[in-house]
1. Specify the residue with the greatest mean-square fluctuation among Pro172, Pro223, Pro35, computed from a Gaussian network of the chain linking alpha-carbon atoms under 10 Å apart.
2. Could you state the orientation-averaged shadow area of the convex hull built on the Cα atoms of the range 101-172, in nm² to one decimal?
3. Apply the Karplus parameterisation 6.51 cos²θ - 1.76 cosθ + 1.60, with θ equal to phi minus 60°, to every residue of the range 186-199 and state each ³J(HN,Hα) to the nearest whole Hz, in sequence, with x for glycine and proline.
4. How high is the FRET efficiency between Glu55 and His94 when r is their beta carbon distance and R₀ equals 41 Å, given to the nearest 0.05?
5. Give the separation of the Cα centroids, the range 21-81 to the range 168-243, in Å.
6. In debye to the nearest 20, how big a dipole does the range 141-229 give about its Cα centre with +1 on each Lys and Arg Cβ and -1 on each Asp and Glu Cβ?
7. Of the accessible area of the chain, with the probe set at 1.4 angstrom, what percent is carbon plus sulfur?
8. So if each residue of separation counts as 0.36 nm, and I subtract the Cα-Cα distance between Ile75 and Lys113, what length gain in nm does that give?
Amino acid sequence: MIKLTNIRKSFGKQEVLRGINLTVDKGDVVAILGPSGSGKTTLLRCVNFLEKPGEGQVTIGDFAVDCKHPGKRDILKLRRKTAMVFQHYNLFRHKTVLENVMEGLIIAQKVPKDEARARSLAVLDKVGLSEKIDAYPSQLSGGQQQRVGIARALALNPEVILFDEPTSALDPELVGEVLAVIRSIAREGVTMIIVTHEMTFAREVASQVVFMDGGVIVEQGEPEELFTRPKEERTRQFLKRIT
Ligand code: ADP
């Protein structure tokens, strides 16, 4: 349902993505692993054109965008099919938890306020924050703030949720609660692409693991296979270093 075809991206003279091909099926949880600087975040941001790829094609469902000549409307349409969870949560500081979740529904999706409120309350319950709907982000722990970020993405009911290192800004003791929420929505069949350094989590939750290095996909497969029998030397070295 999501297809990236020959995605290339350069920053100045540095080519950061060098021809990425990736297919993600409905309900897949794809974990993208790889050393720092290998292009993981850039790839994720190319899916919704937060970074405009220099070349290639992004397809979500039956909607394809040619990266060389994307129209403004095409990009908006693509963005509406996705939602992103950021490393640093990116919440509105001056809005409450509930308002943060409602905002996208009202502004981007033009959902009537009552319905937006009901949908937001439902997803906030799912991430365990029913007690905090009137709190402001500054009154929450990092783990709670990230759960608001996840609720906000979930409320939009997108075709795919893109997670950009969702736990890497958190204190270690708060990582578990966020991973637990991601795990529970994965079980509901929500399609996700997750850039992460959490190997145990990737191994447990992902249906596909993608290992990137130097702007290319070096290897891809089911977690058990890739973690226990990596085919490529670069993958073996990476796994040896981090486990
Ligand atoms: P990863 O997520 O694997 O750590 P990134 O996608 O963040 O890798 O970065 C890949 C490379 O692209 C790095 O060398 C980084 O410095 C560079 N890069 C990323 N974003 C920008 C940007 N906006 N401008 C210039 N260079 C960038």
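The values are calculated or read from the model by the stated rules, or taken from the named source; none is laboratory data. Quick caveat: nothing in here was measured; it's all calculated off a predicted structure. Because the Cβ atoms are built from the backbone with ideal geometry, glycine has one as well, and the counts that use them run over all protein chains shown. These accessible areas exclude ligands, DNA and RNA; they are computed on the full protein's heavy atoms, side chains included. Shrake-Rupley method; radii C 1.70, N 1.55, O 1.52, S 1.80 Å.
1. Taking springs between Cα atoms under 10 Å, the residue moving most is Pro172.
2. 5.2 nm²
3. Karplus-based 3J(HN,Hα) across the range 186-199 equals 4, 5, 7, x, 6, 6, 9, 10, 10, 8, 8, 9, 8, 5 Hz.
4. 0.55
5. First find each Cα centre; the distance between them is then 19 Å.
6. Values: 6 positive and 14 negative charges, 56 e Å.
Its charge dipole is roughly 280 debye.
7. Of all accessible area on the chain, carbon and sulfur atoms account for 47 percent.
8. 11.1 nm
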